[in-house]
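The values are calculated or read from the model by the stated rules, or taken from the named source; none is laboratory data. The structure presented is a predicted model; accordingly, all values stated were derived computationally and were not measured. Glycine gets a Cβ as well: all are built from the backbone with ideal geometry, and neighbour counts include every protein chain shown.
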Amino acid sequence: MVYIDMFEFALERGRRIPDTEWRVLRRLADRSSEYDVLDVFEPAMREVGRRRAYAAMVVPAPEFVPMTTQPCLGIRTVGEEDAIGTVGMAAVTDVGEAVLTTARRAVANRADLYISGHLTSVIGSSEIIDCALLTHPYQVHVGSPGRGVLGVPPRTQVFATFDGARSGPTETMVRSFDMRLMSEVRNTALCVLTDADTAGGDSGASLYDSDGKLIGFCSERTELGAPFECTSWIWARQVLQMMRLKPSEE
């Protein structure tokens, strides 16, 4: 008899197994061992090995199984199969606390937040600049802008890059920016605008110029069909100043 634990498969594959699928397998397990489980649910059972008759003991996956590895650090929550946001950077507060940044709109009023399978929580936020600070699980390594934060307005009509939980590594083009970027503005967000190359789940991602300097953090994308489709990125220097952060040295 071969025991097949569907929870382990769900964890390895980074997704939950729908209830309908495990119920089908459970019915087969209760019947004759002459049935070939792979014929019924081959995609999920491919790892089991070559085709033959099985008697299976199936354990259903829970409603949510956090991702253990992923291309970039997406933020997930119970009941959502896709990432709801993206980690921007690792930082340290003015009192020495290690935190991670993301977009406030992505995690506001959310509980049970996970990063790479590790529980985190919101410990501070600003609605004005659409920024939230998350506790930094010690098991999670998050990079910081190795070449620093851009201190002058970005060049326009040039390419920049970001890595979003939904879009993955993506190249976009800087189109314009708020003319007040170099001013001390605290009552409104200062933004850099790029082509509308982001998708839901990318909120919070970091935007870098061609020299590897941090430009800003993904905030909002205009609706499809808008007169001028674009994505707005909150100016990184403003976020660091208003949230009293400095990039982590890890």
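Would you pick out the residues in segment 138-157 that are surrounded by 11 or more Cβ atoms within 10 Å (Cβ to Cβ) and at pLDDT 90 or above?
Across segment 138-157, the qualifying residues are Gly148, Val149, Leu150, Pro153, Pro154, Arg155, Thr156.
Please specify each residue of segment 160-177 satisfying the condition of being over 21 Å from the mean Cα position of the chain (by Cα), surrounded by fewer than 18 Cβ atoms within 10 Å (Cβ to Cβ) and under 24 Å from Gly85 (Cβ atoms).
Selection gives Met173, Arg175.
What pairs come up if the first residue lies in segment 130-155 and is among the β-branched types (Val, Ile, Thr), the second is surrounded by fewer than 17 Cβ atoms within 10 Å (Cβ to Cβ), and their beta carbons are under 9 Å apart, counting only those six or more places apart or on different chains?
Listed by first residue and then by second, the contacts come to Thr135/Glu97; Thr135/Ala98; Thr135/Leu119; Thr135/Ser121; Thr135/Ile123; Val140/His118; Val142/Glu250; Val152/Met182.
Which condition number in (1) surrounded by 13 or more Cβ atoms within 10 Å (Cβ to Cβ); (2) more than 15 Å from Ala103 (Cβ to Cβ) is the one that Pro227 fails?
Just one mismatch for Pro227, condition (1).
Filter segment 109-151 down to the residues that are more than 16 Å from the chain's Cα centre (by Cα) and β-branched (Val, Ile, Thr) and list them by number.
Ile123, Ile128, Ile129, Val149, listed by residue number.
Suppose we filter Ser210, Ser232 for residues that are in contact with a Cys (Cβ under 8 Å, 6 or more places away or on another chain) and closer than 20 Å to Phe159 by Cβ; which single one remains?
None of the others qualify; the one that does is Ser232.
Examine segment 128-141 for a residue that is more than 21 Å from Gly201 (Cα to Cα) and either in contact with a strand residue (DSSP E or B) (Cβ under 7 Å, 6 or more places away or on another chain) or in a strand (DSSP E or B) (or both), and state whether such a residue exists.
Checked against the condition, which is being more than 21 Å from Gly201 (Cα to Cα) and either in contact with a strand residue (DSSP E or B) (Cβ under 7 Å, 6 or more places away or on another chain) or in a strand (DSSP E or B) (or both), segment 128-141 yields at least one hit.
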